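The values are calculated or read from the model by the stated rules, or taken from the named source; none is laboratory data. Bear in mind the structure is a predicted one, so any value in this text is a computation, not a measurement. Note that each Cβ is placed from the backbone with ideal geometry, even for glycine, and that neighbours are counted across all protein chains shown. Please note that ligands, DNA and RNA were not included when accessible areas were found on the heavy atoms of the full protein model with its side chains. Shrake-Rupley method; radii C 1.70, N 1.55, O 1.52, S 1.80 Å.
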Amino acid sequence: MVDSEVLDEQAVEAADASHSAKVGDHQPGSTGISNQKLAMWAFLGSECLLFGGLISGYLLYRNNNQDGPAAAEIFDIPFTSVSSFVLLMSSLTMVLALSAITRGDHPRTRLWILTTALLGAVFIGGQVYEFTSFYREGLGYTTSPFSSAFFTLTGFHGVHVSMGIVMLMSLYFSSVRGKLKTENAETVEIVGLYWHFVDVVWIFIFTVVYLMAKGI
Amino acid sequence: MRRLRLPAALLSVVAFVAGCADDAELDTLKPEGEYSEQIDNLIDPIFIVAFLVFFLILGLTLFMWAKYRVTEYEEGDWPEQVHGKTSWEIGWTFIPFAIMAAIGAFTWILLSDLNATEANALPIQTAEGEVMWDPHVVVVGQQWWWEYRYYFDADKLEELDDANGNPAKDLPPADIVTAGQLVMPIGEEVELTITSRDVIHSHWIPALNGKRDAVPGRFSPWKIQANDPGLYFGQCTEFCGLSHSRMRMQAVALTPEDFQEWVTAQLADAETPPGAEAWLEAYRAADGSEVEAPEATGAQRGLVAFTQNCASCHLVQGVNDLTYDGATQVSGAAPNLTHFASRTTLAGGILDLYNPDGTLNRNNLESWLRNPEAIKANAAPERGMPNLGLSEETIDDLVDYLETLGPRPSDEMIAATQVD
Amino acid sequence: MAITEEPPLELEAGDPLPEYAEQPLGVLTRPSGNTGIASWLFTVDHKRIGIMYGVFAMFFFLIGGLEALAIRIQLAVPGNDFLSAETYNQVFTTHGVTMIFLVIMPLAAAFANYLIPLQIGARDVAFPRMNALSLWVWFFGGLFLCSSVIIGGWWENAPDGGWFNYAPNHGVAFSPSKGIDFYAIGLQITGIGSLVSAVNLIVTCLNMRAKGMTLFRMPVLTWMLLITQFLLLFAVPVITVALFFLMFDRLYDANFFNPDAGSDPLLWQHLFWIFGHPEVYILILPSFGIISEVIPVFSRKPIFGYKVMVFSGIAIGFMGWGVWAHHMFVSGLGPISVTAFSMSTMLIAVPTGVKIFNWLATMLGGRLKFNTAMLFAVGVVSMFTIGGLSGVTHAVAPADTQQTDTYYIVAHFHYVIFGGALLGIFAGFYFWWPKAFGYKLNERWGKWNFWLQIVGFNLTFGPMHILGLQGMSRRIDTYSEGFGFELWNLVASVGAFVIFLGVLIFVINIFVSQRQAKHLPPVGPDPWDARGLEWMTASPTPEHNFDEEIEVQQVDEFWFRKYDIDDDGTVHRIATGDEVAQPGTATGVHLPAPSYWPMVLAAGLPFIGYGLIYNLWLCVLGGLLVAAGSFGWVFEPADDPDAHHGGHDDHGDHDDDPDTDPEAAAALDAPEGADDVAIESEEAPVG
């Protein structure tokens, strides 16, 4: 709160210079951050609690496998590590996309956006494969508290990645149509915020769900 | 603002009215045991502090109403524009904090007292001889009645937690299993281990201690103690579905001698109606040998009717214990009827089993058997006793038989009950 | 819109839709006009949205109130069979859910929507279309919840697990009707509404403030509402997780709350109360804010200790997260957690107490004018105090083991929610009514309204303290004679009807006052000689709020433009409110245009809900509506360049398209040159 007040004072001073005395002339806003970016930050704050709740639920049940397979028996750490690496790399390409559009290099922007989406899709593919193989090994959704919590948590993360891919593809197509201009760089940045958040959440999930199960 | 006095007046009679009503058996301000007294001793002064604070604030409000009210504003009539006064604000931050800290300290002390248990040894004569019993009852809630299980062998208690799924559905066999009435010796700390077979219930005998939830999958420790012999009323206080309001219980506190007598009676198998021994033996053996069902007395016919209509859910030790495998209910349990007539209530503590004159309350028992759903809403047959469509003759016979499942409780207990 | 030059598009009653200007974008034309039903349904104006929140909430208030009366009739005498146990359980569940999620929260949202932009000197909220979306998502979610009472038979399918809906009683085995599915899905839908609204209002408060309106110049109400939005932002996802788990348990046999499968029912309680306790402050803080505006005006003094009021609100907001387990003192937590939560609960009483004393100090030495708004505000101070003090008595965990789940608790939280939140909201009604509708509510009727409500309220809930201490359990559909419950239950039931009468008089007052107002002079911008920026424009508020931006130099800016304080402390008038206030006659102000899409998108959600419960094909229908809404939204510029522009077009210096969201960059179709980048879409509502 105090920080934003400081920002706020600065914004007021900054606004003084160019103020046009029209109500609603708030860009970039009292805090110096655009509305859209601030909204995304607020939304991500809320998402933290969503995943916090899901992760807590999983932590409660992670050893509660009843008669079904236990976490340590079925997780394939090398496989999941590779798909985690893929997802983390997509954060890098996301940054490259932002850097490209800031420079006004639209072909590169499209290239990196597409790469990011592709890496995300590879991750989702890996998750689908993983779910299928777990199911074959006897870990159904209703097998045990552990299985319900596991599939719900990782499934929710998968849905978030998929939504990120939808956003990225929207960016891609609007860029193809020439609608994503250099001055819209912030839009890419905001999608990037979401994407990085989803990646960071995965780091937590990978640690809490996979590595802790194996005692690594 | 005058009428703001009303809530104050109402509140100030809280302690008075709640403390004085003669027939308020669930009254939380009339402690009859050590722990409820401790709670009462803590909360009474807090009530007084709360009243003082309330009267202070109400008084200040009324004072300002009397002193500063105006009907219309006059131009220019402005009071001093005070924006705040740090010393005052520090004062009313610190003083409430100090009051809270004091209350907190006493709370802390009492909490640790209430959560401590001591190891006691009460000599109890069992079939195997005398054992030293640290009074302890396992309390199991289910829709919509309470089961009380007594283990005189403390080692059995260690086995409680040992199951997949809900362990309350697979409890080790107990020495005594009863329902609706928690029988306990006076003066002793009686430890409770509270759990549930289906949904969450809450076990509460206000005169003896606060409540503790019965959570399926958990065994929650609690304790109660009664100073004097008597009957103490309780009510399930966690919403548990349809008949939550009709899930009651009583604690029956007995002198150590009476308690021993009760234990001895409960440890025995159920009495067999005279003349039905041969048939019962054949029924238990289930060896195919034909023994004609005895039909001389109502109790004999009632025993046969019990095996036909009730034995798939209810257990009577000495009758169907060899074949009994739990009830066909979501909870997997129905009240144990071995010494049914030694209790003073039925149907989850809501109906009297005896009239004030000491005779069996046939009316209550018959209407319960005729159509339980009319007395206690349930989701039979999965949850609650179903209407079995019994004929009036069968009902009569069953009542005759159930009356034999004694021993009959004492007249004092019967007189103290009278719940409906 | 303040475009007087253009003839308004008049709507004949029964005319389905107004005429729409052709749009170059093609897909569909967008709504326009500022009269008629359609202008309300598709509006993105924060004031109309606020009013609709209020109207819809009052509709639900009627439903919840009738349910309360049914409960009190049933409990008036022992052994009553007015309601069966089955119905009673549904009635008290829907009463709780309705009053909390469909009455108090949206009434607070009504004030938040109407007043936040006005109090910070903004033209609208940050994302007007998202604002419409949150209204409609909430409203359709509320209708969805209420429909459970009718669908599949009258009171057959309503949720019956209590608003707290504990596991495992909420499982299919114990509640086989569809009611709890309605609960789980309905609250997810209203939760989406709350979340969207929270994001929107947080950004509004932080980013849309007028020049000079620093955070510590914001009115206390805006502060309390901002804290409320933060609480919602963080609390809603927690209950959402719990509701997901519940929904998966019930619909797909997952094992989150089923003890037979080895899971722990306390998980629900923790998730529910981590949401549920901040929720209590979500309900009460707006009311604290309201009376912090009302009391100074009718005491002719500034709020005592502005910063302390703000900081105590923030402290309550933070500490509200550390006390949830006091709802679970008897559920079998370890003694250490019980002790810790007992202490933290006592601690939270401190900032609350500070607020009460600050209100009293505001009144001290003032010129107190006890009109209806002030009576309700002072009513909050007294009644909430009772609720707060009884709260302290069960923060004492050992005492709580005697009190919890008895009527003592019912008394406690009604003193907090009715005596605290609802009375405060009524104070707000009387106070801001002239600002919103241009006429004052009648004082004589208002006083009847207040006194009936306060007397009825104390008659109803005062005796419940006694009943609880006498050992009457909560949520019992009936009770037996002989426990001493008869007298006070009867008194409580009589009181409930007195409350009902009081609320009825409020409704009558609206119409009486409206009629009388025709014969009275206009109330003017500043009928109370008030202090906040919202009074600095015409009443009712013009659609564009302010003609020009206000430059703020201090707390209570408006008051300081009217009055000056000498060195010796005397106050004199330097201007009248009418002189200082803006006339509200500016024209050609560029405003966000109305839109169909928030409503279309929101309308899809209940269908998805019905689909999950009954038939997945309905989900397809709902999904199509959501998709149509999203696409329409994305392809529609947030600002309509052609509609509602009057004489001079201030487009050029106005590229603050408020609704912009990343995803949509995608489909962005800038309506005109690069100066008006209208990018927008919603996250497809998660889950």
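Top mean-square fluctuation among B:PRO206, B:PRO79, B:PRO273, Gaussian network model of chain B, C-alpha springs under 10 Å?
Between B:PRO206, B:PRO79, B:PRO273, it is B:PRO79 that shows the largest mean-square fluctuation.
Could you put C:ARG444, C:ARG250 in order of accessible surface area, largest first, with the 1.4 Å probe and the full protein assembly present?
Correct descending sequence by accessible area is C:ARG444, C:ARG250.
For an R0 of 60 angstrom, estimate the FRET efficiency from the Cβ-Cβ distance between C:GLN554 and B:GLU382 and round to the nearest 0.05.
With a Förster radius of 60 Å, E is 0.30.
Per residue of C:270-276, count partner chain C-beta atoms within 10 Å of its C-beta, then hand back the mean as an integer. Before the final figure, lay out the partial values.
Details: counts 4, 3, 0, 0, 4, 2, 0.
For this peptide, the per-residue mean of nearby foreign Cβ atoms is 2.
Check which residues have an amide H placed less than 5 Å from C:THR406's amide H, if you skip close sequence neighbours.
C:ARG474
Report the net charge of residues surrounding B:LEU267, where surrounding means a beta-carbon distance below 12 angstrom and charges are Lys +1, Arg +1, Asp -1, Glu -1.
That sum, taken over residues with Cβ under 12 Å, equals -4.
Any idea what the alpha-carbon Rg over 2.2 N^0.38 Å comes to for the protein assembly as shown?
0.99
Taking all protein chains together and a probe of 1.4 Å, list C:PHE59, A:PHE131 from the most accessible to the least accessible. Kindly include the intermediate steps, with their values, before the conclusion.
Details: C:PHE59 95, A:PHE131 50 Å².
Order by accessible area, largest first: C:PHE59, A:PHE131.
Would any residue of the range B:385-420 have its amide N under 16 Å from a label point 7 Å out along Cα→Cβ of B:ASP321? List them or say none.
Backbone N within reach: B:405-407.
If I model a spin label at A:HIS106 and B:GLU130 as a point 7 Å from the Cα along the Cα→Cβ vector, what separation in nanometres do I get?
About 10.0 nm, to one decimal.
Grab the DSSP H runs of chain C that are 4 residues or longer, score each as -39,500 (n - 2.57), total them, divide by all residues and round the 222 nm result to the nearest 500 deg cm²/dmol.
-19000 deg cm²/dmol
Would you pull out the residues with amide H under 5 Å of B:ALA179's amide H, same chain only if 5 or more places away, H placed 1.01 Å from N?
Hits under the 5 Å cutoff: B:TYR148.
With a/c under 1.5 counting as rounded, go ahead and sort the range C:402-471 into rounded, prolate or oblate using the C-alpha gyration tensor (a ≥ b ≥ c being the square roots of the eigenvalues; past the cut-off, prolate if a/b is larger than b/c, else oblate).
It comes out oblate by the Cα gyration axes.
Sort B:TYR283, C:TYR439, C:TYR610 by heavy-atom solvent-accessible area, probe 1.4 angstrom, most to least.
These residues rank, largest area first, as B:TYR283, C:TYR610, C:TYR439.
With each pseudo-label sitting 7 Å past Cα toward Cβ, what's the B:ASP357-A:CYS48 distance in nm, one decimal?
Taking the two extended label points, one gets 7.5 nm.
Ignoring ligands, DNA and RNA, what percent of the 1.4 Å accessible area of the protein assembly as shown is carbon and sulfur?
After summing per-atom areas, the C and S share lands at 61 percent.
Just the accessible area for B:LYS85, please: 1.4 Å probe, Å², rounded to the nearest 10?
Surface accessible to solvent at B:LYS85 totals approximately 90 Å².
Leaving out ligands, DNA and RNA but keeping every protein chain, what accessible area does B:ASP153 have, in Å² rounded to the nearest 10, with a 1.4 Å probe?
The accessible area comes out at roughly 70 Å².
I'd like to verify something in chain B: which complete DSSP H helices, judged by Cα projection on the helix axis, reach 30 Å or more and average at least 0.5 on the Kyte-Doolittle scale? Display every interim value, and only then the final one.
Working: long enough: B:34-68 (51 Å, 1.18); B:86-115 (42 Å, 1.07).
Going by DSSP H runs, the hits are B:34-68, B:86-115.
Taking the range C:487-585, which chymotrypsin sites (Phe, Trp or Tyr not before Pro) meet the DSSP loop condition and have no more than 13 other C-beta atoms within 10 Å?
none
If you add up the charges near C:ASP477, with Lys and Arg at +1 and Asp and Glu at -1, over every other residue whose beta carbon is less than 12 angstrom from its beta carbon, what do you get? Please list the in-between numbers first.
Values: positive: B:ARG246, B:LYS376, C:ARG474, C:ARG475; negative: C:ASP81, C:GLU86, C:ASP160.
Local charge sum for C:ASP477: +1.
Before we go on, tell me the buried accessible area for the A/C pair, both chains summed, 1.4 Å probe, in Å² to the nearest 100.
Looking at A and C, the buried total is near 5400 Å².
Can you compute 3J(HN,Hα) from phi for each residue in the range C:469-474, using the Karplus curve 6.51 cos²θ - 1.76 cosθ + 1.60 with θ = phi - 60°, rounded to whole Hz and x for Gly and Pro?
5, 7, x, 7, 6, 6
Calculate the FRET efficiency for A:SER162 and A:GLU183 from the Cβ-Cβ distance with a Förster distance of 41 Å, rounded to the nearest 0.05.
The computed FRET efficiency comes out at 0.90.
Counting Lys and Arg as +1 and Asp and Glu as -1, what is the net charge of the other residues whose Cβ lies under 10 Å from the Cβ of B:GLU366?
On the way: positive: B:ARG362, B:ARG370; negative: B:GLU392, B:ASP396.
Combined, the nearby Lys, Arg, Asp and Glu give 0.
What is chain C's relative contact order, in percent, from Cα pairs under 8 angstrom and six or more apart in sequence?
Relative contact order here is 17 percent.
Take every residue in peptide C:248-260, count the Cβ atoms of other chains within 10 Å of its Cβ, and give the average of those counts.
6
Within the range C:435-453, what residues put their amide N at less than 17 Å from the label point 7 Å along the Cα-to-Cβ vector of C:LEU501?
Once the point is set 7 Å along Cα→Cβ of C:LEU501, C:445-453 turn out to lie under 17 Å by backbone N, inside the range C:435-453.
Which of the peptides A:108-118, C:178-188 is most tightly packed, and how do the rest follow, judged by the mean count of other Cβ atoms within 10 Å per residue?
Descending mean neighbour count gives C:178-188, A:108-118.
Over the range A:34-211, average the accessible area per residue using a 1.4 Å probe and give it in Å², no decimals.
On the way: 6780 Å² over 178 residues.
Value returned for the range A:34-211: 38 Å² of accessible area per residue.
According to the Kirkwood expression over distinct Cα-Cα pairs, how big is the hydrodynamic radius of chain C, in Å?
Values: mean 1/r = 0.0382 Å⁻¹.
Taking every pair of different Cα atoms in chain C, averaging 1/r and inverting gives 26.2 Å.
Average partner chain C-beta neighbours within 10 Å, per residue of C:327-333?
Mean partner shielding for this stretch: 6.
Scanning chain A for helices, which whole DSSP H stretches are 27 Å or more long along the axis (Cα) and average -1.0 or more by Kyte-Doolittle?
A:35-61, A:77-103, A:106-136, A:145-176, A:185-205
Among the chymotrypsin sites (Phe, Trp or Tyr not before Pro) within the range A:136-216, which fall in a DSSP loop and have no more than 15 other Cβ atoms within 10 Å of their own Cβ?
The qualifying sites: there are none.
With θ set to phi - 60°, apply the Karplus curve 6.51 cos²θ - 1.76 cosθ + 1.60 along the range C:37-48 and write out the HN-Hα couplings as whole Hz, x wherever there is a Gly or Pro.
4, 4, 5, 8, 4, 10, 5, 10, 6, 4, 6, 5
Would you mind checking the range B:182-222 for residues with the amide N under 20 Å from a putative spin-label position 7 Å along Cα→C-beta of B:ALA119?
The answer is B:188-193, B:221-222, whose backbone nitrogens lie closer than 20 Å to the label point.
With a cut-off of 8 Å between alpha carbons and a minimum separation of six or more residues, what is the relative contact order of the range A:34-211 in percent?
Working: 179 pairs, mean separation 62.4, N = 178.
For the range A:34-211, the relative contact order is 35 percent.
At R0 = 45 Å, how high is the FRET efficiency between C:TRP617 and A:SER81 if r is their beta carbon distance? Nearest 0.05 is fine.
For R0 = 45 Å, the calculated efficiency reads 0.60.
At 1.4 Å probe size, with every protein chain present, just tell me what the per residue accessible area of chain B comes to in Å².
42
Can you pull the one-decimal nm distance between simple spin-label points at C:ILE37 and B:TRP65, each 7 Å off the Cα toward Cβ?
With each label point 7 Å from Cα toward Cβ, the separation is 4.6 nm.
Based on DSSP H runs of at least 4 residues, each adding -39500 (n - 2.57), what is the mean residue ellipticity at 222 nm of chain B after dividing by all its residues, to the nearest 500 deg cm²/dmol?
On the way: 11 runs with 151 residues, N = 420.
Theoretical 222 nm ellipticity from helices: -11500 deg cm²/dmol.
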